[in-house]
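Visitor: The structure's right below; bear with me while I get my questions together.
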Amino acid sequence: MSLQDSAVYPAPPEYKTFKKKMQDLTGIDLDAYKYQIHRRIHMLMQRWGVKTYDEYYKTVANNPDKLREFLDYLTINVTEFFRNANRWWELKDKIIPQIYKDIGHQRIKLWSAACSTGEEPYSLAILALETKVASPQPVLAIDIDNGVLAKAQAGVYAKRQIASAPKEWVTKYFTEVDENTVKVKQEVKDKVKFKHMDLIKDKFETGFDIILCRNVVIYFGPETKAALYKKFMESLRPGGYLMTGATEQIFDYKNMGFESAGPFLYKRPQ
Ligand SMILES: C[S@@+](CC[C@H](N)C(=O)[O-])C[C@H]1O[C@@H](n2cnc3c(N)ncnc32)[C@H](O)[C@@H]1O
């Protein structure tokens, strides 16, 4: 528990036991997250009328719907296709052509690190198709939450999720299910490989050309964040890019060995 945490909610010893039991149940290490997580846990306790950590643990452990609610509330899965659209057009018009110049079309390796319900990796796959990536490697899409990964694999979305996609791409890459719902076409699905992974604990593959890690580190403490960026640096090929979320500037990127390549875009030097 960080100082920030204890300043906001003095934690009783039961919180430690609770964290350990929750880690055994969900695989999530609550200590790696910032104080907001402790606050969010308390907010759910209040919402459910639960008084003790033990009762809270039992509620979650014995009821799959409550476990789902806990994970949704804790990890915040909000996402959309081409979120912060300008960043995507920069990838399409500048970064991917640059990578082609550097290494050609054949072996481009893309990763959506914390993909939530799949909108981000499918957006990357659509960019790959539009820019005629010839690599047989699918986009790697990982998340810690199996529930969102199952939704991602189904590839069915409310139409509002694709509001930022150009109109011609909607007809090209989606089929209409009903007036409010669309499904990602198989051609796009074939370009994405989903996998369960914990960014904090698990080992990363190497040789990536672009890693997207957006809107996930906001909940991590500073040490967890720095260690994660270091792991990303090592998993990029020299000349590869890391894109962060639209509020997630890396202030000490130089100390970490990155070059700035634009807003919220960092490059591993060649
Ligand atoms: C707000 S979503 C971001 C989705 C997408 N990257 C975007 O920007 O739209 C945050 C995701 O991070 C995932 N997450 C949280 N902690 C994680 C961890 N330690 N390892 C992998 N994924 C994690 C959550 O499950 C959630 O799906």
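The values are calculated or read from the model by the stated rules, or taken from the named source; none is laboratory data. As the structure is a computational prediction, the values presented were derived from the model and not from experiment. Counting neighbours? That spans all protein chains shown, and the Cβs are built from the backbone with ideal geometry, glycine included.
Visitor: Taking the criterion of being hydroxyl-bearing (Ser, Thr, Tyr), touching an Asp or Glu at 6+ places or on another chain (Cβ under 9 Å) and within 16 Å of the ligand (Cβ to nearest atom), would at least one residue in the range 163-184 satisfy it?
Guide: For the range 163-184, residues hydroxyl-bearing (Ser, Thr, Tyr), touching an Asp or Glu at 6+ places or on another chain (Cβ under 9 Å) and within 16 Å of the ligand (Cβ to nearest atom): present.
Visitor: Among VAL60, VAL78, VAL133, which is the only one that is more than 27 Å from GLN270 (Cβ to Cβ) and away from the ligand (no atom under 12 Å from the Cβ)?
Guide: Values: VAL78 fails: away from the ligand (no atom under 12 Å from the Cβ); VAL133 fails: more than 27 Å from GLN270 (Cβ to Cβ).
Answer to the selection: VAL60.
Visitor: Got a number for residues in the range 90-130 being within 16 Å of the ligand (Cβ to nearest atom) and free of Cβ contacts under 8 Å to residues at least 60 places away in the same chain?
Guide: 5
Visitor: Just to be sure, is GLY155 of a type outside the set (Ser, Thr, Tyr), surrounded by 16 or more Cβ atoms within 10 Å (Cβ to Cβ) and at pLDDT below 95?
Guide: Criteria not met by GLY155.
Visitor: Any idea which residue in the range 185-208 is surrounded by the most Cβ atoms within 10 Å (Cβ to Cβ), counting only those that are away from the ligand (no atom under 15 Å from the Cβ) and part of a loop (DSSP other than H, G, I, E, B)?
Guide: By that ranking, first place goes to LYS191.
Visitor: Among the residues of the range 116-147, write down those that are buried (at least 17 other Cβ atoms within 10 Å of the Cβ) and more than 19 Å from GLU187 (Cα to Cα).
Guide: Hits for the range 116-147 are SER116, ILE142, ASP143, ILE144, ASP145.
Visitor: Of all residues in the range 209-230, which are at pLDDT 95 or above, outside any loop (DSSP other than H, G, I, E, B) and within 25 Å of LEU127 (Cα to Cα)?
Guide: Within the range 209-230, ASP209, ILE210, ILE211, LEU212, CYS213, TYR229 meet the criteria.
Visitor: Does GLU176 satisfy the condition of being surrounded by 12 or more Cβ atoms within 10 Å (Cβ to Cβ), among the charged types (D, E, K, R), free of Cβ contacts under 8 Å to residues at least 60 places away in the same chain and assigned by TED's automatic domain parsing to the domain that holds LEU127?
Guide: Against the criterion (surrounded by 12 or more Cβ atoms within 10 Å (Cβ to Cβ), among the charged types (D, E, K, R), free of Cβ contacts under 8 Å to residues at least 60 places away in the same chain and assigned by TED's automatic domain parsing to the domain that holds LEU127), GLU176 qualifies.
Visitor: Taking PRO269, is it touching a residue at least 24 places away in the same chain (Cβ under 8 Å), touching an Asp or Glu at 6+ places or on another chain (Cβ under 6 Å) and either in a loop (DSSP other than H, G, I, E, B) or within 23 Å of ILE103 (Cβ to Cβ) (or both)?
Guide: yes
Visitor: Which ones in the range 240-268 are in contact with a strand residue (DSSP E or B) (Cβ under 9 Å, 6 or more places away or on another chain) and more than 17 Å from LYS94 (Cα to Cα)?
Guide: Residues satisfying the conditions are GLY245, GLU248, ILE250, TYR253, LYS254, MET256, PHE258.
Visitor: Give the residues of the range 142-189 that are within 21 Å of the chain's Cα centre (by Cα) and of a type in the set (Val, Ile, Thr), sorted by residue number.
Guide: Result: ILE142, ILE144, VAL148, VAL156, ILE162, VAL184, VAL188.
Visitor: Tell me which helices (runs of 4 or more DSSP H) are completely within the range 37-122 and hold 3 or more residues being touching a helix residue (DSSP H, G or I) at 6+ places or on another chain (Cβ under 8 Å), or say none if there are none.
Guide: The helices (runs of 4 or more DSSP H) meeting that bar are 53-62, 64-75.
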